[in-house]
Amino acid sequence: MNRALAERSRLQKQTAGQVDAFHNFSFTESLATSGITFRHQIVDDAGKHFRGNHYDHGSAVVSADVDGDGLPDLFFASQLGSNGLFRNLGGGHFQDITALAGVGMADQISVGASFADLDNDGLPELVVTTVRHGNRLFHNLGGGRFEDVTQAAGFGYSGHSSGIVCFDFDRDGLLDILVCNVGRYTTDDKGAGGYYVGFPNGFQGHLFPDRTEYSILYKNLGAMRFKQITQEAGLRVPGWTGDASFTDLNGDGFPDLYLLNMQGDNHYFENQSGHQFIDRTAATFPKTSWGGMGIKFFDFSQDGHPSLFVTDMHSDMTGLQTRISKTNFTLSFEKSKSESWCTTEYTDDYLQGAANNVFGNSFYRGAEGGKFTEVSDQVGAETFWPWGISVGDLNADGFEDVFIPAGMGFGFRYGINSVLLNVNGNHFADAEFILGVEPRALARRYHTAFVLDCDGADRDHPLARGHTGMLPISAPASSRSSVILDIDGDGDLDIVSNEMGDAPMVLVSDLASRKAVNFLTVRLVGKTSNRDGLGAQVRVTSGGRTWTQFHDGKSGHLGQSSLPLYFGLGASTNIEKVEVLWPSGKRQTIVPPIPVGKLLVATEPE
């Protein structure tokens with residue numbers, strides 16, 4: 001660990017007593033005992049022949065109970081080699097069932113993944129995007145087996161796809177699919193493993209209109225059939241969209257969309273009664289992060305209103321702080337943590353106008369009437385080189401916390417992952433060193449990114465000069481995607497990551513052994529609404545307080561999972577009621593007895 005990170009660790013631990021949120025617990029790296037043998041494999045554009053394009057954005061990790069045994073299973077996507085599906089055996093132990101499931105997709109350059117019940121039969125389907133190897137739709141047959149129904153479903157698009165959003169935009173009870181497309185950043189030349197080699201100037205793709213690749217909205221027609229309706233729905237918008245999410249911001253019962261842009265303005269689309277979407281960005285979010293990478297709606301303050309957290313990776317690649325004084329831009333600049341990590345100077349032409357951008361993470365606190373205020377400085381939302389964001393109540397106090405995977409990996413310095421503890425809905429406290437998430441064990445801090453044949457095919461590689469034989473090249477660890485879930489069934493939340501070119505991290509919490517954990521998990525079963533209940537609002541009243549969650553399934557960078565909602569209850573040991581506002585518009589109230597520390601299955605009234 002370098003001197004700067006050692007000093008950060010010292011200061012964080014020294015001031016831990018000032019953190020007014022429970023933090024007397026820690027996470028332990030438990031990959032070795034988990035049975036998870038997956039290892040993410042990168043393409044040469046992200047390593048040996050590194051190019052500044054979007055292969056370095058990595059791949060997703062998502063979770064769902066794929067076989068109906070009540071335990072959350074894990075799916076890891078990879079660029080080269082095989083994806084991995086691991087069945088949860090209980091107690092934090094997993095079994096590789098990738099071959100049984102038929103979801104390996106060897107060397108298909110997988111990117112995003114989503115679990116969602118698309119045919120309302122109680123079993124989650126798996127959707128996977130790729131870079132020019134065709135997106136896939138796998139129908140869940142039960143027992144951990146899947147069938148590739150991509151072509152029959154009308155889902156066979158092949159391009160530069162990324163994140164996936166399954167949501168019922170027209171409230172017909174069937175989940176529709178939004179596929180986020182980044183934009184064309186590859187040539188037609190193929191490299192090792194069959195990947196398409198990127199443009200040398202791939203990271204400047206937003207400057208070339210002919211490289212635009214529109215995101216796609218698929219309407220679910222039933223019987224596992226889909227139809228593209230992007231243009232009719234008003235969503236044909238340019239922008240390098242790596243990910244997106246949804247919630248009902250204006251309270252009309254229809255889910256609205258927020259699309260990230262990795263290189264420019266983000267876009268917020270208001271749903272017009274399930275018929276089409278209208279861009280309301282300027283009126284609702286007048287300033288958006290320039291380099292949007294991760295997104296999550298959640299009730300930060302537990303006041304019943306959704307807030308929005310957007311992580312901004314690409315601003316961390318610029319020395320913009322020194323440039324601002326030379327321009328007339330008036331910018332909301334929020335990079336106090338990130339500034340020392342900046343490496344590149346962006347020009348005005350490259351930014352294509354930046355007066356309406358935030359350079360750094362954005363945090364929009366929600367209020368009555370769908371109004372938002374950008375308060376990232378006030379709440380302490382800035383982090384180091386962030387990718388996505390996973391949200392969950394890590395200390396079970398009723399306020400949802402944040403895990404942000406970070407770092408660039410090969411060619412860059414080691415970057416830390418961030419844990420932000422939510423302090424009573426007022427602000428975040430940095431806690432990655434307090435909770436043992438950082439620093440990683442030395443053996444996990446660096447890994448072999450690739451091996452050069454200095455006497456053979458790689459003799460002309462710059463790093464091979466002066467060497468003979470086989471030369472391993474080391475890279476710092478770098479997390480990409482993550483998911484928060486209870487993998488071992490002990491009642492507290494754990495963290496699993498997908499690492500760039502490395503094995504996952506499995507961070508197991510010991511919270512349940514440190515204190516009594518009062519919680520409630522809620523699994524929704526829609527009847528008129530979609531079976532997953534995606535788009536529902538759930539409120540739990542306990543100890544005289546009401547806790548709210550907006551069920552979107554968004555679990556991390558590039559990932560959407562099918563997991564029960566987890567409500568930490570703090571010191572409360574009784575639940576007064578559970579209220580569900582279903583996507584259909586039905587309202588349901590469940591009254592005691594509702595046992596604490598158990599799963600509540602909430603079935604929509606017929």
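The values are calculated or read from the model by the stated rules, or taken from the named source; none is laboratory data. All of these numbers come straight from a predicted model, not from anything done at the bench. Don't worry about glycine lacking a Cβ; one is built from the backbone with ideal geometry, like all the others, and counts go over all protein chains shown. Accessible surface areas use protein heavy atoms only, side chains included; no ligands, DNA or RNA. Shrake-Rupley method; radii C 1.70, N 1.55, O 1.52, S 1.80 Å.
Overview of values
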| item | result |
| --- | --- |
| Whole-number D in µm² s⁻¹ for region 1-78, Kirkwood Cα-pair radius fed into Stokes-Einstein, 20 °C, 1.002 mPa s | 125 µm²/s |
| Packing-based order for 250-262, 438-450, using average beta carbon neighbours within 10 Å, highest first | 250-262, 438-450 |
| Whole-percent carbon and sulfur share, accessible surface of the chain, 1.4 Å | 50 percent |
| Convex hull projection area averaged over all views, the chain, Cα basis, nm² | 25.6 nm² |
| Listed residues Thr15, Ser562, Ala602: farthest to the positive end of the dipole of the chain (Cβ charges) | Thr15 |
| Net charge of neighbours whose Cβ lies under 13 Å from the Cβ of Ala192, counting Lys and Arg as +1 and Asp and Glu as -1 | -4 |
| Simple Cβ-charge dipole of region 1-145, Lys/Arg +1 and Asp/Glu -1, about Cα centre, in debye nearest 20 | 760 debye |
| Share, in percent, of DSSP beta bridges within the chain that are antiparallel, nearest 5 | 90 percent |
| Net charge contributed by nearby residues that have their C-beta within less than 13 Å of Gly242 (K/R +1, D/E -1) | -3 |
| Most to least packed among 89-98, 351-360 [average Cβ atoms within 10 Å] | 351-360, 89-98 |
| Sequence-separation-based contact order of the chain, relative, with Cα cut under 8 Å and 6+ spacing, percent | 15 percent |
| Centre separation in Å (Cα based) which lies between region 160-191 and region 236-256 | 13 Å |
| Farthest toward positive dipole pole in the chain [+1 Lys/Arg, -1 Asp/Glu at C-beta], among Ser584, Gln302, Tyr414 | Tyr414 |
| Relative contact order, percent, region 124-204 [alpha-carbon distance under 8 Å, six or more residues apart] | 21 percent |
| Debye, to nearest 20: dipole size of region 468-606, +1 on Lys, Arg Cβ, -1 on Asp, Glu Cβ | 520 debye |
| Over 25 Å between alpha carbons, listed pairs Lys48/Lys190; Lys515/Lys554; Lys227/Lys296; Lys219/Lys287; Lys48/Lys296; Lys13/Lys296 | Lys515/Lys554; Lys227/Lys296; Lys219/Lys287; Lys48/Lys296; Lys13/Lys296 |
| Reciprocal mean inverse distance between Cα atoms of region 503-550 - Kirkwood radius, Å | 14.0 Å |
| Local electrostatic count, Asn201, Cβ distance below 11 Å [Lys/Arg +1, Asp/Glu -1] | +2 |
| Accessible-area value, Ile42, 1.4 Å probe, nucleic acids and ligands omitted, Å² | 30 Å² |
| Ellipticity estimate at 222 nm from DSSP helix runs (n ≥ 4, -39,500 (n - 2.57)) divided over the chain, nearest 500 | -1500 deg cm²/dmol |
| ³J(HN,Hα) computed for each position of region 371-376 - Karplus, 6.51 cos²θ - 1.76 cosθ + 1.60, integer Hz, glycine/proline x | 8, 10, 10, 7, 10, 4 |
| Whole-percent pair-distance distribution, where bins are 10 Å wide, for the alpha carbons of region 380-476 | 15, 34, 22, 15, 10, 5 |
| Mean Cβ neighbour count within 10 Å, used as a protection proxy, ranking 485-491, 124-130, 417-423 highest first | 124-130, 417-423, 485-491 |
| Debye intensity ratio in log₁₀ form over the Cα atoms of region 147-227, taken at each q of 0.11 Å⁻¹ | -0.40 |
| Dipole magnitude of the chain, debye to nearest 20 (Cβ charges: Lys/Arg +1, Asp/Glu -1, about Cα centre) | 640 debye |
| For region 22-107: relative contact order, % (alpha-carbon pairs under 8 angstrom, 6 or more apart) | 26 percent |
| Accessible area per residue, Å², the chain with all protein chains present, probe 1.4 Å | 34 Å² |
| As computed over region 488-606, the Cα convex hull volume per residue (Å³) | 111 Å³ |
| Heavy atoms of Cys454: accessible area, 1.4 Å probe, square angstrom to 10 | 10 Å² |
| Rounded Å value of the spacing that divides the Cα centres of region 90-111 and region 480-497 | 18 Å |
